[in-house]
Amino acid sequence: MEQLKIDFNKVIESLKLSSENINTRKKNFNQFIENGFPNKRVEDWKFSDLNQIISSNIENLRLHSNLELNKVDETIFVSKFAHNKIIFLNGIISNIDFSQEDETKVLLTRDLNQNEFFKESNPLISLNNALNVSYVKVTVKENYSLNKPLIIYNITTKDLKSTALNLKTNIVLEKNSSLKLINLFDDNSENNFINIVQNFDIAQDAILKNYKIDNKKNSNIKYCYNNINLGKNSISENFIFSTGSKFIKNEINCNLNNEYSSAFINGIINLTNSQHHEIKTNINHLAENTKSYQLIKSVLNDNAKGIYQGKIYVDSKAQKTNGYQLSKALLLNENTEFDGKPELEIYADDVKCSHGATSGNLDEDAIFYLMSRGLSNQQSKELLINGFLLDAVEKITDEEIKDLIKKMIGITE
Amino acid sequence: MLKVKGLKAKIDNKEILKGLNLEIKPGEVHAIMGPNGSGKSTLSNVLSGKKGYTISGDITYLNENLLELEIEERAHKGIFLAFQYPLEIPGVNTNIFLKTSLNAIKKAKGEKELDAIEFLKLVKQKASELKFDEKILSRQLNVGFSGGEKKKNEILQMSILNPKLSILDETDSGLDIDALKIVSEGVNALRNKESSFLIITHYQRLLEYIKPDFVHVLINGQIVKSGGSELALELESKGYESLR
């Protein structure tokens with residue numbers, strides 16, 4: 001802990017911050033030090049003991065990195081796919097490119113002193129508030145729809161080790177605007193802790209499509225927290241493709257603040273070896289006629305562990321809420337573990353809410369059927385698993401991005 | 001082509017087939033009839049390689065020990081089972097499945113695999129012969145298909161894969177008369193000097209459309225009587241009781 005304090009002071013000194021900003025960071029840092037990394041005694045973390053995961057995977061965690069900014073390897077950019085870019089390289093923004101857009105319609109702020117601190121609902125958000133060194137706020141002006149998707153690249157290089165990175169973005173969609181966003185990881189490093197906080201304020205009639213892709217195998221430990229505020233008649237569509245990291249917990253807190261707003265969270269957890277991934281959602285229906293839909297499909301192999309904790313909260317004001325969640329898991333051998341915890345907390349009486357969960361192995365009869373047509377056991381299983389996952393992928397409403405993700409999963413048509 | 005000698009099959013310690021003998025020569029059509037629970041489906045499962053049975057006896061197929069071959073190897077060597085209850089496979093496009101299947105078999109035989117265009121041409125032709133709506137083929141495999149569509153899909157697969165030994169497990173059950181005619185025409189179109197058929201059925205009805213060379217009566221895990229196509233008619237009028 002002493003080392004962490006020294007690290008913290010070094011980081012603060014290296015940034016040009018107002019005294020007010022420094023004080024808030026200190027307060028947040030102390031909150032983190034008091035609580036430490038969440039462990040399984042905390043209800044929200046009972047299936048993923050982050051404290052234990054970090055201590056057994058990362059030796060001498062550092063809170064800052066002395067690395068010089070390397071040049072970005074441009075070959076990792078998604079090709080044949082015109083897009084805007086924000087590039088985080090080892091946790092620091094190295095490049096922002098909105099050349100596809102009308103620059104008067106997309107405003108950028110990177111000043112750390114204007115950085116809004118997010119509500120510290122857990123020690124990791126406090127840690128992020130305290131130690132975030134590079135930040136961007138993107139504001140999409142009223143009535144503007146971006147011509148091309150935005151890809152936020154999260155790149156780490158192989159010289160980064162045993163370091164905690166704290167990344168932060170804030171995205172504001174003004175009235176009747178829209179944005180398609182892809183968060184893409186490109187991990188070339190090992191045994192780091194990457195802590196990402198993203199906030200989304202989506203105003204009336206605005207649409208956010210947010211796709212997260214953790215596809216490249218890596219040994220990093222990640223926590224991604226999304227806070228989403230939805231205005232009247234706005235839409236938030238989320239898709240999580242969770243398959244690359246050693247550990248990742250994707251947590252989404254979504255507030256349906258105004259009527260006719262809707263939230264969609266679909267995702268795939270596809271794991272091998274001793275990977276351990278969690279999706280945790282809190283959907284808060286806070287106004288009438290709001291809608292939420294969640295579908296999570298998990299495929300677990302070897303010793304992998306998958307978790308889905310989905311909570312739907314319906315406020316007493318939120319009559320005519322429509323809330324739905326479904327989790328299906330394929331456990332391909334007996335050493336895998338899937339934990340599902342659906343929660344419905346409902347204070348209104350005129351609502352439609354449902355949840356469901358299944359888990360099991362592949363259907364042996366289906367494998368026999370496919371093999372009797374000449375497919376190998378392996379081919380049959382792959383076909384069935386792809387078919388199982390496709391269900392969630394098909395929920396992606398942007399065709400171009402859907403095809404991109406299908407290619408990444410290896411679903412051919 | 002196929003020689004079955006003293007075949008016994010057990011599942012969960014229950015003996016289903018109790019010493020079955022059968023020989024099918026190239027170009028022949030054999031029908032196996034029998035009451036419920038006589039072992040008809042077990043026979044088709046054992047021939048196509050389904051796991052879970054304890055098997056004794058001999059099965060020789062094209063001079064090879066069939067019991068040593070994996071499920072897919074049997075398919076590669078020309079065995080095809082038309083399922084009594086074709087499985088619904090969500091998320092798997094029917095056309096992709098058909099192409100994967102055909103090319104897996106072609107690859108195993110050392111033949112050139114079909115590209116997408118050649119494949120679609122073949123499917124189009126076969127589907128129209130079976131009066132099978134092509135649109136169905138872009139849907140998920142058997143998902144939401146009617147009973148008749150599922151059975152037609154089995155016959156379509158059979159005609160695309162062009163097997164040497166086709167086993168039809170109660171393909172007639174659940175078919176209306178029009179579908180039965182189409183399915184039978186599909187089978188008859190595949191009859192030739194080299195291809196053989198084993199048709200498993202409850203009823204004589206199907207055999208009016210596909211005339212068998214031999215009819216066998218399977219009761220309690222054994223073939224108790226064999227004869228020509230007239231045996232089917234005899235069974236229809238007298239029932240199985242007289243043979244028990």
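Every read-out reported here was derived from the displayed coordinates using simple, explicitly stated rules and does not represent laboratory data. Quick caveat: nothing in here was measured; it's all calculated off a predicted structure. In this analysis, Cβ positions are derived from the backbone assuming ideal geometry, glycine residues included, and neighbour counts consider all displayed protein chains.
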field: B:Ile11 paired with B:Ser173, simple spin-label distance in nm, labels 7 Å along Cα-to-beta-carbon
entry: 1.2
task: Starting from the amide H of A:Ile171, placed 1.01 Å from N in the peptide plane, find each other amide H under 5 Å away whose residue is 5 or more places distant or on another chain.
output: A:Val138, A:Asn199, A:Phe200, A:Asp201
Amide H contacts of A:Asn95 (H built 1.01 Å from N, under 5 Å, at least 5 apart or other chain): A:Ile87
task: Could you line up B:Ser166, A:Ser262, A:Ser65 from fewest to most neighbouring Cβ atoms inside 10 Å?
output: A:Ser262, A:Ser65, B:Ser166
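Give me the percent relative contact order of segment B:92-244, please, defined on Cα pairs under 8 angstrom at least 6 residues apart.
Computed over segment B:92-244, the figure is 18 percent.
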- prompt: Which of the helices in chain B, when you take each full DSSP H run, stretch at least 15 Å along the axis at their Cα atoms and have an average Kyte-Doolittle score of -1.0 or higher?
  reply: B:94-109, B:116-129, B:147-161, B:177-190
task: Output the relative contact order of chain A, whole-number percent, from Cα pairs under 8 angstrom with separation of 6+ residues.
output: 9
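Rounded if a/c is under 1.5, else prolate if a/b beats b/c, else oblate: with a ≥ b ≥ c from the C-alpha gyration tensor eigenvalues square-rooted, which is segment A:2-362?
Taking the square roots of the gyration eigenvalues as a ≥ b ≥ c, segment A:2-362 is rounded.
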message: Quick check: pseudo-label points 7 Å beyond the Cα along Cα→Cβ at B:Glu234 and B:Glu118, how many nm apart are they?
response: 4.9
- prompt: Which of the pairs B:Lys14/B:Lys225; A:Lys85/A:Lys406; A:Lys10/A:Lys249; A:Lys217/A:Lys249; B:Lys106/B:Lys181; A:Lys71/A:Lys180 have their Cα atoms more than 20 Å apart in this structure?
  reply: B:Lys14/B:Lys225; A:Lys85/A:Lys406; A:Lys10/A:Lys249; B:Lys106/B:Lys181; A:Lys71/A:Lys180
- prompt: With r defined as the distance between the Cβ atoms of A:Asn113 and A:Thr358 and R0 fixed at 51 Å, what FRET efficiency is calculated, to the nearest 0.05?
  reply: 0.55
- prompt: If you count, for each residue, the other Cβ atoms within 10 Å and average over each peptide, how do A:119-125, B:18-24 line up from highest to lowest?
  reply: A:119-125, B:18-24
query: Pick from B:Ile11, B:Ile136, B:Ile155: which is most flexible by mean-square fluctuation in a GNM of chain B where alpha carbon atoms under 10 Å apart are linked?
result: B:Ile11
field: segment A:128-199, relative contact order in percent, only Cα pairs under 8 angstrom and at least six apart counted
entry: 45
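Please average, across the residues of B:66-75, the number of beta carbons from any other chain that are within 10 Å of each residue's own beta carbon, and give a whole number. Write down the numbers at each step before the final one.
Values: counts 0, 0, 0, 0, 3, 12, 10, 3, 3, 6.
Mean inter-chain Cβ contacts per residue within 10 Å come to 4.
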statement: In nm, the gap between the two label points placed 7 Å beyond Cα toward Cβ at A:Asn39 and A:Glu190 is 2.8
5 angstrom amide H check on B:Ile16, placed H, neighbours 5+ away: B:Ala9, B:Lys10, B:Ile11
task: Enumerate the residues in segment B:25-41 having an amide nitrogen under 20 Å from the point lying 7 Å beyond the Cα of B:Tyr85 toward its Cβ.
output: B:34-41
